[in-house]
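To keep things clear, I will list the structure first and then write my remarks on it.
Please treat every number below as a calculation from the coordinates, not as lab data. These numbers were taken from a predicted model, which means no experiment stands behind them. Using ideal geometry, Cβ is built from the backbone for each residue, glycine included, and neighbour counts are taken over all protein chains shown.
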Amino acid sequence: MRAPGPYRAYLRRFDWGIALAAFALVLIGLYAVYSATQFPDSPREDLFLRHLLALPVALGAMLVMMAIPLRTLEDLAWPIYGGCLLILLLVLLVGMEAYGARRWLVFGPVRLQPAEIAKIGTIIALANYLARKRRSPDQIRTLFAALGLIALPLLLILRQPDLGTAGAIPALGIGILLWAGLPMVHLLVLASPLLGLALRPLPILWGLFVVASLAVLWRRRVSGLVLALFLLVHGGLFLGAPVVWDRLEPYQRDRITTFLQPEGDPGGAGYQIIQSKITIGSGWIWGKGPLAGTQKALAFLPQQHTDFIFGVIGEELGFLGTSVTLLLFLLLILRAFRLVVQCRSPFAGLLAGGLGSLLLYHVGVNLAMTVGLLPVTGLPLPFLSYGGSFLVAMFAVVGLLLNVSAHRFDY
């Protein structure tokens with residue numbers, strides 16, 4: 001009996017590296033979520049059961065993404081992108097409000113976080129746009145159109161507000177643009193506003209940075225329009241930074257100041273970062289053993305089943321467990337990026353590059369956050385953190401990567 005058409009290619013070119021890494025990570029995640037919800041006085045088995053019930057839905061999403069022909073996905077890129085923008089608008093109008101933000105649509109017992117879907121929709125649309133007629137991002141018109149595709153979902157997610165998730169949109173966008181051939185000098189222009197904001201409290205260093213950047217751009221013979229826009233953006237950010245700071249929510253300002261000096265408020269805003277470092281470090285080499293974490297059991301680490309799930313692994317499984325987890329993430333991301341250079345189809349290659357960039361952003365930012373290298377952003381760790389919508393989205397990513405891998409030699 002022959003395998004069904006959509007899955008026949010998988011029998012010949014199934015990427016076991018991607019599949020095994022993803023399933024190993026989700027098994028570690030199930031253990032970590034279960035352990036993180038086992039408090040001595042009041043275990044939260046309901047949270048673990050909800051997470052477990054989301055797994056069949058996630059596997060279904062993976063199979064659907066594996067079965068959709070890439071040509072069909074490419075043809076439906078704009079309806080998918082438009083639908084993502086529509087549900088992002090819908091969540092702002094009728095979404096459930098919690099913790100001062102509107103991020104979820106509620107359908108009876110089911111909660112959906114549209115931003116997770118919007119990430120994948122943006123990747124598909126951007127890959128489609130750049131692959132059509134092999135548009136090169138070193139052309140100003142193409143670059144601005146691509147930035148527009150990135151800006152629309154970014155602004156809608158910022159309105160929720162959800163800074164951590166919003167940051168994924170430019171991260172995956174820049175990843176796709178780089179794989180599409182974006183010159184490094186243009187990347188400097190795109191990344192410079194963040195560096196400029198970081199140097200804003202030190203005007204002399206900020207001025208030196210702007211002058212040095214202009215010198216580099218001038219030597220690379222960048223057009224006068226780009227130089228003028230560069231100056232306009234940095235001047236606007238320098239003058240407007242105090243206004244933006246005043247418009248941030250109090251918890252967002254606390255996260256930034258805590259990142260700069262967590263010991264300044266060890267019992268308040270700096271508590272999460274300090275406890276996260278203690279929890280991870282307390283595991284030493286071998287860890288305290290399964291379900292034996294004391295920091296976790298006493299709930300010293302807030303949000304330990306979501307944003308800070310890596311701390312549970314560090315405490316109970318130690319350096320060995322965290323190293324295995326990191327190696328699995330590294331394998332998954334490298335396999336995704338390897339597909340970019342293997343694919344004959346420009347759309348499939350850019351799709352893989354965007355998906356790999358999305359995984360890299362989530363893993364890198366979450367891990368940097370848990371050890372105090374970045375401000376706390378509320379960003380979950382793929383396959384490990386509690387959350388049904390996020391788990392489904394990550395398995396959809398795996399399904400798309402397996403789809404690309406199976407058809408990487410097709411054109």
On each of the three principal axes the extent of the alpha-carbon atoms of region 95-196, given in whole Å and largest first, is 46, 34, 18
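Please work out the FRET efficiency for the pair residue 368 and residue 145, using the Cβ-Cβ distance as r and a Förster radius of 35 Å; give the result to the nearest 0.05. Don't skip to the end; give the middle numbers.
Values: r = 31 Å, r/R0 = 0.89.
After rounding to 0.05, the efficiency reads 0.65.
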Run the numbers for residue 239 and residue 134: contour at 0.36 nm per residue of separation, minus the present Cα-Cα distance, in nm. 33.9 nm
Under the rule of at least 5 residues apart or a separate chain, name every residue whose amide H is placed under 5 Å from the amide H of residue 374. 369
Table column - 3J(HN,Hα) (Hz), region 181-188, Karplus curve with 6.51, -1.76, 1.60, x for Gly and Pro: x, 5, x, 5, 5, 5, 5, 4
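Multiply the residue separation of residue 23 and residue 342 by 0.36 nm, subtract the distance between their alpha-carbon atoms, and state the gained length in nm to one decimal. It would help to have the intermediate numbers written out before the result.
Values: separation 319, 0.36 × 319 = 114.84 nm, distance 2.36 nm.
Full extension from residue 23 to residue 342 adds 112.5 nm.
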Burial order of peptide ranges 349-360, 137-148 (average beta-carbon count within 10 Å, highest first): 349-360, 137-148
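What list do you get for 315, 45 if you sort them by fewest beta carbons within 10 Å?
Details: 315 29, 45 11.
In order of increasing Cβ crowding within 10 Å: 45, 315.
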Sort 51, 362 so that the residue with the fewest other Cβ atoms within 10 Å of its own Cβ comes first and the one with the most comes last. 51, 362
Separation of alpha-carbon centers, region 343-366 and region 26-78, rounded to whole Å: 20
For region 128-181, give the magnitude of the charge dipole about the Cα centre (Cβ charges: +1 Lys/Arg, -1 Asp/Glu; no others), in debye to the nearest 20. 320
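Would you work out the relative contact order for region 315-374, in percent, from Cα pairs under 8 angstrom that are 6 or more residues apart?
Details: 26 pairs, mean separation 15.5, N = 60.
Across region 315-374, relative contact order equals 26 percent.
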When the C-alpha atoms of region 147-191 are aligned to their principal axes, what extent does each axis show, in angstrom, from largest down? 33, 16, 13
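Using only alpha carbon positions, build the gyration tensor of region 296-411, then give the equivalent ellipsoid semi-axes as the square roots of 5 times its eigenvalues, largest first, whole angstrom.
Details: eigenvalues 188, 35, 29 Å².
Output for region 296-411: semi-axes of 31, 13, 12 Å.
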Once the Cα atoms of region 70-118 are picked out, what are the Rg and Dmax in Å? 12.8, 41
Spelling out what I want: for every residue of region 49-57, take phi, set θ = phi - 60°, compute 6.51 cos²θ - 1.76 cosθ + 1.60 (Karplus), and round to whole Hz; glycine and proline get x. 5, 4, 5, 5, 5, 6, 5, x, 5
